[in-house]
Amino acid sequence: MKDYSLIYKKPAPFRNDDLFLRDHRKCNIPEDGWERWSLPIGNGYMGINIFGRTDEERFLITENSLSNPCSYNDKYPGGAAGLSNFCSFYLTTGHNKVKNYSRSLNLNSALCKTEYTYKNVRFLREHFASYPDNVFVTRITADKEKAVSFTLKSEVSLNRPYLFEEGDGMGKSAEIFTEDGTLVIRGKMDYYNILFEGKLKVIAEGGTVSAENGIISVKEADSVLILFTCGTNYKSDGRVFLEKDPKKKLDEKNDPHKKVSETLKKASALTYNELFTRHLKDYSSLFGRADISLTDESVCIPTDKLLKEYRKKNYTSYTEELVFQYGRYLLISSSRPGGRPANLQGIWNRYDSSPWSSGYWHNINVQMNYWPSFNTNLHECFLPYIEYFNAYKGLAKEHADEYIRNYFPENFSDDNGIAVATGGWLYDMEKLPDPKTGHSGAGTGAFTVKLFDDYYEFTRDKDFLENTGYEALREMSVLLSKILEKQEDGTLLSKYSASPEQCHNDEYYHTKGCAFDQQMIFQCWKDTLKAAKALGISDSFTAYLEENIDKLSPVLIGLSGQIKEFREERYYGDIGEKKHRHISQLIGLYPGDIITGENEEYIKAAQITLNRRGDRSTGWSTAHKLNLWARTKNGNRAYDLVKTAVSKCMATNLWDLHPPFQIDGNFGFTAGVAEMLLQSHEGFIDVLPALPDKWDSGSFSGLTARGGFTVDAEWKGCKATKISVFSAAGETLRIKAGTTLLEQKTEKGKTYTFNL
């Protein structure tokens with residue numbers, strides 16, 4: 001694997017440092033220090049932004065459970081409030097005229113560095129977020145003894161209410177003090193009674209360390225180690241979602257003080273080298289699993305210049321590799337077992353009122369977050385969402401009961417399944433809206449449980465299927481069976497239906513049986529039957545699904561040759577926005593497996609739809625289209641979306657922009673590049689299915705395929721020359737390279753190599 005680093009020759013600008021409220025007019029500027037220039041590190045428990053400043057460095061800390069509810073009102077158009085940043089630390093040195101400056105983020109080691117010379121002394125700051133020890137680690141060294149001096153203090157936006165009203169119950173308060181040489185932040189967010197605590201310790205070699213009045217001072221040290229950890233009283237379980245009183249969702253007895261103190265104490269007993277060795281072993285065991293090599297080049301120029309050159313149409317494959325691996329880095333950093341799932345901004349936030357509340361949005365954004373966990377060998381990163389689902393499923397059952405009782409009373413029974421609407425947070429889930437006014441149909445839930453089918457398909461984790469996966473698929477299928485209306489021709493259509501966020505004449509368009517709902521219902525039933533077969537389950541409900549699945553009519557072709565978004569649509573664009581960011585009528589192409597190469601007419605119609613929709617859109621939409629073009633197996637058109645995503649949708653720090661920053665575009669890009677190189681949704685593994693002419697020679701290793709397979713490949717002249725497949729489950733291997741289809745019985749734990 002090459003060495004992949006983001007490199008810069010200047011610190012993050014001091015622009016928008018005090019931007020506490022999301023404001024498109026202010027944040028959508030190239031000089032935004034946080035959104036465009038800061039470097040993100042994280043360990044699944046917390047995220048940290050490093051600004052690389054020499055005079056006064058800022059470390060901005062985020063912890064995803066420190067949140068207020070989403071708010072939709074005149075003060076927060078589009079929905080805001082939600083996640084708050086935990087705190088910021090300011091490390092003041094007075095080094096304001098420096099030379100030979102450089103800062104970097106190495107993806108191979110998840111190590112961030114800032115280096116510079118001040119008054120003929122070379123200073124080095126190293127930062128990483130350790131998952132095994134749950135600490136943010138900073139080491140400061142110099143090439144001269146007694147050269148390290150600074151003061152360190154914190155702020156937590158004390159008493160800043162979210163809604164700018166006194167007595168609204170959504171305030172945040174804290175105290176900052178020093179205790180036994182440790183800087184302590186201890187506070188409360190009022191609405192959910194969230195208790196939060198953070199502790200920072202400074203360990204110096206040589207010199208002196210003093211701590212008083214919430215400030216730590218270091219004078220004339222040789223080197224310094226800074227450790228920080230934090231936590232809240234949040235616990236992911238059904239109580240959080242089922243309890244109606246927001247003040248009772250969390251147990252105040254679950255005070256984070258003891259755990260935070262013990263974590264810091266254990267980490268403090270380790271040296272920097274011990275901490276880094278433990279971190280690197282853990283992190284590289286995930287990051288090092290998958291690699292792509294599209295060029296022999298390894299570029300060391302600053303990333304902002306690299307991006308600038310790419311925008312001039314100097315399309316370097318190294319840049320594409322870098323962005324691919326950056327997506328994997330961000331997923332490892334923001335979603336680990338024991339932490340919370342990655343939200344709309346992953347695990348990084350600077351706001352008191354975050355974009356779209358930094359929620360979990362289930363009409364594509366959550367799904368896109370986890371696509372690369374499946375095909376780029378990061379399956380463990382999906383586990384936090386499984387834990388999240390197991391916590392909210394009780395509420396999802398209540399919401400299903402309410403939805404069927406209100407809108408389909410004739411179908412109400414003791415078992416109405418589960419309902420998952422668009423909006424989700426760590427403390428609550430949105431109800432399915434009135435089907436005559438909402439912007440997304442009930443297919444949103446089916447779109448969500450598709451993740452569980454994919455997780456099982458890629459891992460072959462039978463325990464998961466038995467304990468969580470099948471239940472999720474079956475219960476969603478139950479709900480969907482109750483919202484259908486039989487037509488005169490026998491077709492079963494979703495009685496109330498909406499294609500996500502699609503408008504006609506400036507109003508959300510409501511219909512019957514739109515493509516999104518019909519495709520997702522079909523997909524959910526198909527996956528449920530497949531899971532039931534794997535578990536040997538055959539009952540009256542599976543019999544119902546088998547009898548009725550072919551009555552759903554999920555794909556229709558219109559007079560423009562397009563996949564219809566709405567059944568009443570004749571020509572493309574008759575209904576809805578022609579260039580809409582969602583392309584929900586093709587969910588059955590990706591991530592679904594309804595529209596496949598088995599039906600050439602469907603693939604042709606999908607390509608017509610994609611061309612009519614256009615390539616340019618928001619960051620995440622561009623990434624979705626990249627995956628869709630890959631599924632049509634048109635490598636050069638998929639590569640057009642690669643170029644568009646990198647040149648048009650990336651900030652200087654390579655965060656994907658909606659705008660503002662949304663991490664789903666990063667994750668969707670990574671999944672899409674992998675999908676160009678390897679597919680496995682058609683009953684066989686397809687190697688290099690959407691290879692563009694630009695990538696005529698190369699290799700990849702560690703990409704994963706359905707059936708529990710891990711695949712390596714080499715190619716020249718756009719043709720595979722060598723393929724190796726590791727079988728984790730011992731299933732029959734069917735693999736395609738070019739026009740050759742090979743079949744091989746495999747044994748669990750063995751690797752099979754094919755020279756072509």
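The values are calculated or read from the model by the stated rules, or taken from the named source; none is laboratory data. Just so you know, these numbers come straight off a predicted model, no measurement behind them. In this analysis, Cβ positions are derived from the backbone assuming ideal geometry, glycine residues included, and neighbour counts consider all displayed protein chains. In case anyone asks, the SASA skips ligands and DNA or RNA and just uses the protein heavy atoms, side chains included. Shrake-Rupley method; radii C 1.70, N 1.55, O 1.52, S 1.80 Å.
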When you check residue 746 against the structure, is it over 28 Å from the mean Cα position of the chain (by Cα) and outside any strand (DSSP E or B), yes or no? yes
Looking at segment 297-313, is at least one residue open to solvent by less than 40 Å² (accessible area, probe 1.4 Å), β-branched (Val, Ile, Thr) and over 25 Å from residue 709 (Cα atoms)? yes
Looking for something open to solvent by less than 10 Å² (accessible area, probe 1.4 Å) and part of a strand (DSSP E or B) - is there at least one such residue anywhere in segment 329-350? yes
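Given the residues 569, 565, which is the only one that is out of contact with any Ser or Thr (no Cβ under 6 Å at 6 or more places or on another chain) and charged (D, E, K, R)? Write out each step before concluding.
On the way: 565 fails: out of contact with any Ser or Thr (no Cβ under 6 Å at 6 or more places or on another chain).
Of 569, 565, the one residue that is out of contact with any Ser or Thr (no Cβ under 6 Å at 6 or more places or on another chain) and charged (D, E, K, R) is 569.
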Test for residue 651: is it in contact with a helix residue (DSSP H, G or I) (Cβ under 8 Å, 6 or more places away or on another chain), under 21 Å from residue 332 (Cβ atoms) and either at pLDDT below 95 or open to solvent by less than 40 Å² (accessible area, probe 1.4 Å) (or both): yes
Of the listed residues (532, 515), the one being touching a helix residue (DSSP H, G or I) at 6+ places or on another chain (Cβ under 8 Å), in contact (Cβ under 8 Å) with a residue 40 or more places away in the chain, among the small types (Gly, Ala, Ser) and within 27 Å of residue 387 (Cβ to Cβ) is 532
When you go through 101, 72, 118, 76 one by one, which is the residue that is open to solvent by 10 Å² or more (accessible area, probe 1.4 Å), among the aromatic types (Phe, Trp, Tyr) and modelled with pLDDT under 95? 72
Go through segment 678-730 and report how many residues are among the acidic types (Asp, Glu), part of a strand (DSSP E or B) and more than 20 Å from residue 328 (Cβ to Cβ). 2
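Residues checked against (1) touching a His at 6+ places or on another chain (Cβ under 8 Å); (2) at pLDDT below 95; (3) open to solvent by 10 Å² or more (accessible area, probe 1.4 Å):
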{"residue": "689", "(1), (2), (3)": "no, no, yes"}
{"residue": "696", "(1), (2), (3)": "no, no, yes"}
{"residue": "708", "(1), (2), (3)": "no, no, no"}
{"residue": "712", "(1), (2), (3)": "no, no, yes"}
{"residue": "738", "(1), (2), (3)": "no, yes, yes"}
{"residue": "751", "(1), (2), (3)": "no, no, yes"}
Residues that are in a loop (DSSP other than H, G, I, E, B) and without any contact (Cβ under 8 Å) to a residue 12 or more places away in the chain: does segment 589-599 have at least one? yes
What tally of residues in segment 353-374 results from selecting those that are touching a Lys or Arg at 6+ places or on another chain (Cβ under 9 Å) and open to solvent by 10 Å² or more (accessible area, probe 1.4 Å)? 1
I want to confirm something. Restricting to segment 498-526 and keeping residues that are crowded, with 20+ Cβ neighbours inside 10 Å and touching a His at 6+ places or on another chain (Cβ under 6 Å), which single residue is nearest to residue 361 (Cα to Cα)? 500
Kindly provide the set of residues from segment 415-441 that are open to solvent by 20 Å² or more (accessible area, probe 1.4 Å) and closer than 20 Å to residue 390 by Cα, ordered by number. 415, 425, 428, 430, 431, 432
What do you reckon, is residue 589 surrounded by 22 or more Cβ atoms within 10 Å (Cβ to Cβ) and either polar (S, T, N, Q) or within 26 Å of residue 630 (Cα to Cα) (or both)? yes
Could you look through segment 278-289, keep only residues that are touching a helix residue (DSSP H, G or I) at 6+ places or on another chain (Cβ under 7 Å) and among the hydrophobic types (A, V, I, L, M, F, W, C), and pick out the one that is farthest from residue 319 (Cα to Cα)? 286
Residue 36 fails exactly one of (1) under 26 Å from residue 202 (Cβ atoms); (2) among the basic types (Lys, Arg); (3) modelled with pLDDT of 95 or more, namely (1)
Return yes or no: is residue 743 modelled with pLDDT of 95 or more and open to solvent by 50 Å² or more (accessible area, probe 1.4 Å)? no
Filter segment 199-257 for residues that are without any contact (Cβ under 8 Å) to a residue 12 or more places away in the chain and of a type outside the set (Lys, Arg); the one that is surrounded by the fewest Cβ atoms within 10 Å (Cβ to Cβ) is 245
Checking the structure you have, find out if any residue of segment 561-571 is out of contact with any Leu (no Cβ under 6 Å at 6 or more places or on another chain), over 20 Å from residue 441 (Cα atoms) and at pLDDT 95 or above. yes
Is it the case that some residue within segment 629-649 is basic (Lys, Arg) and at positive phi? yes
Which condition breaks for residue 391 when tested against (1) under 14 Å from the mean Cα position of the chain (by Cα); (2) under 28 Å from residue 708 (Cβ atoms)? (1)
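Residue-by-condition table, conditions (1) at pLDDT 95 or above; (2) part of a helix (DSSP H, G or I); (3) of a type in the set (Phe, Trp, Tyr); (4) buried (at least 22 other Cβ atoms within 10 Å of the Cβ):
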residue	(1), (2), (3), (4)
606	yes, yes, no, yes
612	yes, yes, no, no
629	yes, yes, yes, yes
641	yes, yes, no, yes
644	yes, yes, no, no
665	yes, yes, no, yes
669	yes, yes, yes, yes
673	yes, yes, no, yes
676	yes, yes, no, yes
Given the residues 157, 173, 223, which is the only one that is among the hydroxyl-bearing types (Ser, Thr, Tyr) and at pLDDT 90 or above? 223
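Tell me whether segment 342-360 contains one or more residues that are basic (Lys, Arg) and over 17 Å from residue 82 (Cα atoms).
For segment 342-360, residues basic (Lys, Arg) and over 17 Å from residue 82 (Cα atoms): absent.
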Inspect all residues belonging to segment 266-280 and state whether any of them is open to solvent by 40 Å² or more (accessible area, probe 1.4 Å), at pLDDT 95 or above and within 30 Å of residue 678 (Cβ to Cβ). yes
